[in-house]
Amino acid sequence: MYRKSLKIFLAGTGAAVLLRALLKVLFVDLETGFYLGGAPLAWAFAAVLILSGAGLLWFGWREQDESSAFLKGNRWLECTAALLGAVLLADSVSGLLRVLAISPDARLINQMPRLLQLLEHLLGIASGGVFLCLAIVLLSGAARSGIQGMLALIPVLWQTLNMVDRFFGFRQVSTASDQTLEVLFLVSATLFLLAHTRCVANIPLSRRACVTRGFLTALFGFPLAAGQLAAAAVLGDAGMGPALPRLAVISAVSLYAAACSLSLVLSAGRDGESR
């Protein structure tokens, strides 16, 4: 089960990571995010993302799996949850201290109001704690309940505010490649975290929907992070895209989303064999 979706995800993500790294290093203007040449490579990258995303949606929808999503603990899932929790805690604490240093009377340009920024980082700290708790619970094998699902709503609230915060700083989403890719990631990550809440709370949700959302999140997140890191490593400047601390959050979210989807795919295969 999900063999086609898995193949599309692995091949599409690998190709997108390579193409995005090449584009960022060779053809993306680090000041504006626009492409300066390299049209064939840019079209190839866009085609890979579009075809991979469409393929994941199509084959996920056609998958003959009517079972509900249920995340079963495993070391890979638990380790990625703990990593995401630690990264979120570190990034949110740093962001909170930065916002606290801003004068309440300061005029903020292309930023959310100060109180909303404070709320965003407080939710980020709480979300880091939630993922750490989820990792500990899964490792211990303790029974899960609806309370954990309620806690998992906190990352959804954080992600929503984080998405709005990023939108405040965007210039030309329709033309700047960095921002277009980040928008795709932000929307997919929000949808994934909503599905993840239901999986954790054991509320019935189609396994197909959760698998597809997780794969889409990683499909957009990994190339985004790879391009920025390649530019920073080769050119010494990551450009106008996400800053390096935020790249750690994007990478951790993408890794956890991929781990959730892969865990559900593997459990679907075992359930199919048992039947």
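The values are calculated or read from the model by the stated rules, or taken from the named source; none is laboratory data. No experiment lies behind these values; they were computed from the predicted model shown. Cβ: placed from backbone, ideal geometry, glycine included. Neighbour counts: every protein chain shown. For the accessible areas, the whole protein counts, side chains as well, though only heavy atoms, and no ligand, DNA or RNA atoms are used. Shrake-Rupley method; radii C 1.70, N 1.55, O 1.52, S 1.80 Å.
Do you know which of the residues in the range 185-221 that are polar (S, T, N, Q) and not in a helix (DSSP H, G or I) is most open to solvent (accessible area, probe 1.4 Å)?
Residue satisfying both the conditions and the ranking: Asn202.
Can you run down the residue pairs with Cβ atoms below 9 Å, 6 or more apart or on separate chains, where the first is in the range 123-150 and closer than 13 Å to Lys72 by Cα and modelled with pLDDT under 70 and the partner is open to solvent by 30 Å² or more (accessible area, probe 1.4 Å) and charged (D, E, K, R)?
Close Cβ pairs (under 9 Å, with a partner that is open to solvent by 30 Å² or more (accessible area, probe 1.4 Å) and charged (D, E, K, R)) amount to Leu138/Lys72; Leu138/Arg144; Leu139/Arg75.
Applying the selection to the range 233-254, what residues are under 15 Å from Leu26 (Cβ atoms) and not in a loop (DSSP other than H, G, I, E, B)?
Ala233, Val234, Leu235
Can we say Ala44 is in contact with a helix residue (DSSP H, G or I) (Cβ under 9 Å, 6 or more places away or on another chain), of a type in the set (A, V, I, L, M), in a helix (DSSP H, G or I) and more than 30 Å from Arg114 (Cβ to Cβ)?
So Ala44 fits the description; yes.
Go through (1) more than 22 Å from Ala231 (Cα to Cα); (2) open to solvent by 40 Å² or more (accessible area, probe 1.4 Å); (3) in contact with a Ser or Thr (Cβ under 8 Å, 6 or more places away or on another chain) for Leu71 and report which single condition fails.
Single failed check for Leu71: (2).
Would the range 210-225 turn up any residue that is over 23 Å from Thr180 (Cβ atoms), of a type outside the set (Ser, Thr, Tyr) and modelled with pLDDT of 85 or more?
yes
Does Ala243 satisfy the criteria of being under 13 Å from the mean Cα position of the chain (by Cα), open to solvent by 30 Å² or more (accessible area, probe 1.4 Å) and either farther than 30 Å from Met1 by Cβ or not hydrophobic (A, V, I, L, M, F, W, C) (or both)?
So Ala243 fails the test.
Identify all residues within the range 104-122 that are in contact with a helix residue (DSSP H, G or I) (Cβ under 9 Å, 6 or more places away or on another chain) and at pLDDT below 90; write none if there are none.
Passing the criteria: Pro104, Ala106, Leu108, Asn110, Gln111, Met112, Arg114.
Yes/no matrix, rows are residues, columns are (1) more than 20 Å from the chain's Cα centre (by Cα); (2) over 29 Å from Leu157 (Cβ atoms); (3) touching a residue at least 60 places away in the same chain (Cβ under 8 Å):
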| position | (1), (2), (3) |
| --- | --- |
| Ala21 | no, yes, yes |
| Phe34 | yes, yes, yes |
| Leu97 | yes, no, no |
| Ala106 | yes, no, no |
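Identify all residues within the range 20-65 that are open to solvent by less than 30 Å² (accessible area, probe 1.4 Å) and either under 16 Å from Val234 (Cβ atoms) or hydroxyl-bearing (Ser, Thr, Tyr) (or both); write none if there are none.
Arg20, Ala21, Leu23, Lys24, Val28, Gly38, Ser52
Between residues in the range 152-169 that are of a type in the set (Phe, Trp, Tyr) and residues that are modelled with pLDDT under 90, which pairs lie under 7 Å by C-beta distance while being six or more apart or on different chains?
These pairs meet every condition: Phe168/Asn110; Phe168/Gln111; Phe168/Met112.
Taking only the range 50-104 into account, find how many residues are hydroxyl-bearing (Ser, Thr, Tyr) and in a loop (DSSP other than H, G, I, E, B).
2
If I filter the range 224-238 for residues that are in contact with a Ser or Thr (Cβ under 6 Å, 6 or more places away or on another chain) and under 25 Å from Ile50 (Cβ atoms), do I get at least one hit?
Among the residues of the range 224-238, at least one is in contact with a Ser or Thr (Cβ under 6 Å, 6 or more places away or on another chain) and under 25 Å from Ile50 (Cβ atoms), which makes the answer yes.
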